[in-house]
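Throughout, read-outs are computed from the coordinates displayed, never taken from laboratory work. A quick note: this is a predicted structure, and the numbers were derived from the prediction, not measured. Glycine also receives a Cβ, built like all others from the backbone with ideal geometry; neighbour counts cover every protein chain displayed.
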Amino acid sequence: MKILLVEDEHKIAHSIKQGLEQEHFVVDIAYDGKTGYDLASEGLYDVLILDRLLPGLDGVAICQQLREEGKHTPILMLTAKTQVQDKVEGLLAGADDYLTKPFAFEELLARVKALTRRPSGMTRHRLEVVDLSLDTDTFDVVRSGKRIVLSAKEFALLEYMMRHHNKIVSKEQIISHVWNYDADILPNTVEVFIGYLRAKIDRPFPKEKPLIHTIRGFGYKIGEKE
């Protein structure tokens, strides 16, 4: 899952990013409202974490503009303001949840995961494709009763593909959702990681049908071959 964090305090931003990445999230950071809005409007994120007070464009304004444009990405707003009216203003602007600074990272993580499970969101915590299951809370990946150990990037790639099972996803879509926007990606990086997944998801199970398929000229798909 990919998160955009818009926070102008660099120390706080990097601390949150580090904690979320340890939980297998992919995290982009913007340090001002204009950059944050530009990234968020591309619609490539599963959750947005917005500081309320930002240079250039504040969190409330970003919220309002995104909702007016029909963007429904779950938004968690952070603020140092504790007045009820401030929270109400953020929620009315379109934020889904509100967290007051200072906060414990564990609470932020719990709220982010809760947002991803809401019916209007894009995801749920347990994904299943045929005999393959992936749990985003425990990071367990199991096929035919056998646990599979994945690297953080392999897990992120598999999760993205399973959320779009039986749909073709292009290399460009995979890069946009699985890697940071400023990551230095080589042309064959996606092919390499698809190979890593095949070596762990398909090859150790010769009695089962392969789940990861290359659709030449288009991209990749996970699921039963038609």
Exercise for the section: Decide, for the range 11-78, between rounded, prolate and oblate: order the square roots of the alpha carbon gyration tensor eigenvalues as a ≥ b ≥ c, take rounded if a/c falls under 1.5, and otherwise choose prolate if a/b is larger than b/c, else oblate. Expected result: oblate
Practice task
Can you grab the distance from the C-alpha centre of the range 156-214 to the C-alpha centre of the range 11-65, Å, no decimals?
Solution key: 26
Practice task
Read phi for every residue in the range 68-73 and hand back ³J(HN,Hα) as whole Hz from Karplus 6.51 cos²θ - 1.76 cosθ + 1.60, θ = phi - 60°, with x for Gly and Pro.
Solution key: 5, 8, x, 7, 10, 4
Problem - the range 126-222, relative contact order in percent, only Cα pairs under 8 angstrom and at least six apart counted - result: 26
Practice task
Could you list, in their original order, any pairs among Lys11/Lys71; Lys2/Lys146; Lys2/Lys221; Lys11/Lys153 whose Cα atoms are separated by more than 23 Å?
Solution key: Lys11/Lys71; Lys2/Lys146; Lys11/Lys153
Handout entry: Residues with amide H under 5 Å from that of Tyr98, placed H, sequence gap 5 or more
Key = Met77
Practice task
Could you tell me, in Å, what Rg and Dmax come out for the Cα atoms of the range 154-220?
Solution key: 12.0, 41
Problem - Karplus (6.51, -1.76, 1.60) ³J(HN,Hα), θ = phi - 60°, over the range 199-204, in Hz, Gly and Pro reported as x - result: 5, 10, 8, 9, 4, x
Practice task
Determine Rg/Rh for the range 2-116; Rg is computed over alpha-carbon atoms and Rh is the Kirkwood hydrodynamic estimate from the same atoms.
Solution key: 0.92
Practice task
Show that you can apply the helix-only estimate: for the chain, add -39,500 (n - 2.57) for every DSSP H stretch of four or more residues, divide by all residues, and state [θ] at 222 nm to the nearest 500.
Solution key: -11500 deg cm²/dmol
Fill in the blank from the handout: Among [x] 34, 18, 15; [y] 26, 22, 15; [z] 39, 19, 14, the value of semi-axes √(5λ) of the Cα gyration tensor in Å computed for this structure carries the label [x]
Handout entry: Semi-axis lengths (Å, descending) of the ellipsoid that matches the C-alpha gyration tensor of the range 97-226
Key = 28, 19, 14
Completion exercise
Computed ³J(HN,Hα) along the range 166-176: with the Karplus parameters 6.51/-1.76/1.60, θ = phi - 60°, integer Hz and x for glycine or proline, the list is 6, 10, 7, 10, 7, 4, 5, 5, 4, 4, 5
Completion exercise
The extension gain from Asn180 to Asp140, computed as 0.36 nm times the residue separation minus the Cα-Cα distance, is 12.1 nm
Exercise for the section: Would you tally the net charge around Phe155, using a Cβ to Cβ cut-off of less than 11 Å, leaving Phe155 out, and scoring K and R as +1, D and E as -1? Expected result: -3
